[in-house]
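Before any comments, here is the structure.
The values are calculated or read from the model by the stated rules, or taken from the named source; none is laboratory data. Computed from a predicted model, the values in this text were never measured in an experiment. Cβ atoms come from the backbone with ideal geometry, glycine included; neighbour counts cover every protein chain shown. Accessible surface is based on the protein model in full, side chains and every heavy atom, while ligands, DNA and RNA are left aside. Shrake-Rupley method; radii C 1.70, N 1.55, O 1.52, S 1.80 Å.
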Amino acid sequence: MGKPTGFLEYERKEGPNLPEMERLNSWKEFHKGLSKEEQRLQGARCMDCGTPFCQAKLMISGMVSGCPLANLIPEWNDLVFRDRWEEAFKRLLLTNNFPEFTGRVCPAPCESSCTAGLNGDPVAIKENERAIIETAFENGWMRVCIPPVRTGKKVAVIGSGPAGLAAADSLNQLGHSVTVFERFDRPGGLLMYGIPNMKMDKSVILRRITMMEQEGVTFQTNADVGHNVQAKKILEAFDAVVLACGASNPRDLQGEGRELEGIHFAVDYLRLNTKSLLDSDHQDGKYISAKDKHVIVIGGGDTGTDCVGTSLRQGCLSVHQIEIMSELPKSRAENNPWPQYRRVLKVDYGQEENIVVTGNDPRLYNRTVTRFEGEDGRVRKVHTIGVEWVRDGNGRMNPHPIPQTERVFEAELVLLAMGFTGAQDYVAEAFGVERDPRGNVQAAYEDHHTSVEKVFAAGDVRRGQSLVVWGITEGRSVAKAVETYLMGDQKA
């Protein structure tokens with residue numbers, strides 16, 4: 001490395017966020033980058049550690065340690081330090097189709113396993129990644145690349161989220177003619193409608209979609225395969241099919257009062273808000289509004305945080321986030337040693353904003369909903385109770401209600417953000433593919449072949465709800481499998 005002692009000489013630094021009260025008045029991205037010189041010093045913090053766990057892609061205790069894409073992190077960190085940005089960009093693209101996506105929304109498992117983080121602060125890898133790709137766009141290094149030769153093979157990709165886009169991009173560059181079918185009106189899947197604009201500006205996605213179109217990828221929107229597009233016709237028209245339609249069955253919460261109006265799945269709430277923003281700057285009114293309402297978000301993950309941030313921007317009266325799980329520790333627990341993925345308390349942007357507005361973190365831990373109470377057919381209150389986690393005879397931890405811990409919250413809007421339970425039935429049934437016990441399409445990793453000839457599966461539809469970085473990883477992997485299927489081992 002160019003600066004072996006950099007991690008001792010320079011402190012970790014990330015780009016600034018706009019002040020909370022300022023960003024609450026906007027749907028624009030609020031995270032800003034560092035100067036080139038500041039970013040160069042962050043590259044210098046990457047130590048000559050010998051074994052770069054950051055790119056190891058290890059599975060430890062069921063969690064990934066290091067980058068799932070096996071990004072060449074020490075190499076491009078060093079090139080950033082040496083001010084050789086174009087070379088860093090070329091290294092970055094060797095392993096990642098869309099670093100502008102992961103540089104914004106990835107939880108950075110690479111940083112959890114960074115050697116510098118063993119006894120100090122890890123290298124700001126995610127910040128460096130975003131800086132590299134944005135510098136490439138600014139300088140025109142990121143160019144349209146049209147494949148020089150076409151194979152004559154046609155591939156259909158069902159879904160345009162991270163896995164679908166990565167598969168389409170990779171297969172197109174291999175010379176195949178790729179058509180992407182997207183059920184909504186804009187490509188991008190989870191990236192477009194599952195992540196709010198202030199977290200990832202949609203111009204970033206459209207910039208890449210435009211490039212892919214110029215490179216030869218065809219996007220068909222409003223094409224809901226299994227509903228208004230027949231799977232049979234796709235199987236007849238294409239040489240291979242990749243199912244990359246996500247795990248989009250939202251987990252529901254059954255109980256008294258569930259039928260009341262004002263209770264929505266978070267995915268619908270976020271999608272409609274972003275669509276209305278893009279269509280009309282919210283002038284069409286075709287979205288679920290939290291304005292002047294008490295909001296309850298059920299679920300403590302990233303989607304729950306996005307609901308908090310969106311509710312605040314819409315002008316809610318209050319927002320609480322109900323989380324059945326226990327609060328994570330502020331630092332690594334003894335049973336979560338390095339280089340495992342670091343399971344520590346994170347105060348994300350939505351919580352930061354609510355703390356500034358109200359003085360309180362909106363999250364309430366070890367608490368679950370018992371019933372909804374309504375008036376005139378609309379939800380008005382949410383009844384909850386505290387829980388404790390008790391290990392059963394099989395060693396599994398289960399929540400048990402704690403007597404006399406009941407608490408009732410006012411609520412005119414309830415958002416269910418409890419994750420997803422697998423692929424939607426109609427897509428799998430349309431292609432006749434087998435499912436695993438969790439409801440995902442059955443297909444082995446790296447092989448990706450389903451039970452149906454020439455049909456492959458990748459991303460959340462195969463592995464279940466996961467991260468954007470895993471979607472890209474699977475999209476690249478399924479492209480290799482399809483290439484072998486179409487062209488034989490000689491080109492794989």
Exposure rank, largest accessible area first [130, 207; 1.4 Å]:
207, 130
Could you give me D for the stretch 353-492, from Stokes-Einstein at 20 °C and 1.002 mPa s, where the hydrodynamic radius is the Kirkwood radius over C-alpha pairs? Units µm² s⁻¹, please.
111
Return the distance in nm (one decimal) between the two label points of a simple spin-label model at residue 94 and residue 375, each offset 7 Å from Cα along Cα→Cβ.
6.5
Taking only protein heavy atoms into account and a 1.4 Å probe, give the accessible area per residue of the stretch 127-284 in Å².
39
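Over all directions, how big on average is the projection of the convex hull of the alpha-carbon atoms in the stretch 279-345, in square nanometres?
6.5
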Evaluate E = 1/(1 + (r/R0)^6) for residue 446 and residue 121, where r is the Cβ-Cβ distance and R0 equals 41 Å; express this FRET efficiency to the nearest 0.05.
0.75
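Which value, in debye to the nearest 20, describes the size of the charge dipole of the stretch 98-176 about its Cα centre when Lys and Arg Cβ atoms bear +1, Asp and Glu Cβ atoms bear -1, and nothing else is charged?
580
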Would you mind calculating the relative contact order of the stretch 169-225 from Cα pairs under 8 angstrom and at least 6 residues apart, reporting the percent as a whole number?
59
Under unit Cβ charges (Lys, Arg +1; Asp, Glu -1), what dipole magnitude, rounded to 20 debye, does the chain have relative to its Cα centre?
620
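Report the full-extension gain for the segment residue 84 to residue 292: residue separation times 0.36 nm, less the Cα-Cα distance, to one decimal in nm.
69.8 nm
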Residue among 144, 173, 128 farthest towards the positive dipole end of the stretch 122-180, charges placed on Cβ
173
Starting from 0.36 nm per residue, how many nanometres of slack lie between residue 154 and residue 221 once their C-alpha separation is accounted for?
22.3 nm
Local electrostatic count, residue 155, Cβ distance below 10 Å [Lys/Arg +1, Asp/Glu -1]:
+1
Relative contact order for the chain: what is it in percent, counting Cα pairs under 8 Å that are at least 6 residues apart?
16
Just to be sure I understand the model, the point goes 7 Å from the Cα along the line to the Cβ. What's the resulting residue 389 to residue 330 distance in nm?
2.0
FRET efficiency for residue 37 and residue 346, Cβ-Cβ distance as r, R0 = 30 Å, nearest 0.05?
0.55
Can you give me the three principal axis dimensions of the chain from its C-alpha atoms, in Å, biggest first?
67, 62, 55
Given the options 17, 52, 72, identify the residue whose Cα lies farthest towards the positive end of the charge dipole of the stretch 1-156 (+1 on Cβ of Lys, Arg; -1 on Cβ of Asp, Glu).
72
Net lengthening on full extension, residue 48/residue 22 (0.36 nm per residue, minus Cα-Cα)
5.3 nm
What percentage of the solvent-accessible surface of the chain, computed with a 1.4 Å probe over protein heavy atoms, is contributed by carbon and sulfur atoms?
48
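May I ask you to derive the FRET efficiency for residue 233 and residue 11 from their Cβ-Cβ distance with R0 = 51 Å, giving the value to the nearest 0.05?
Numbers: r = 58 Å, r/R0 = 1.14.
E(calc), rounded to 0.05, equals 0.30.
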Cα centroid distance between the stretch 92-117 and the stretch 414-492, in Å?
22
What's the magnitude of the charge dipole for the stretch 61-150 around its Cα centre, counting Lys and Arg as +1 and Asp and Glu as -1 at the beta-carbon? Answer in Debye, nearest 20.
360
Result for the chain, cysteines with no Cys Cβ partner under 4.7 Å, is 46, 49, 106, 114, 145, 245, 307, 316
With the 1.4 Å probe rolled over protein heavy atoms, the stretch 19-83 has an accessible area per residue in Å² of 46
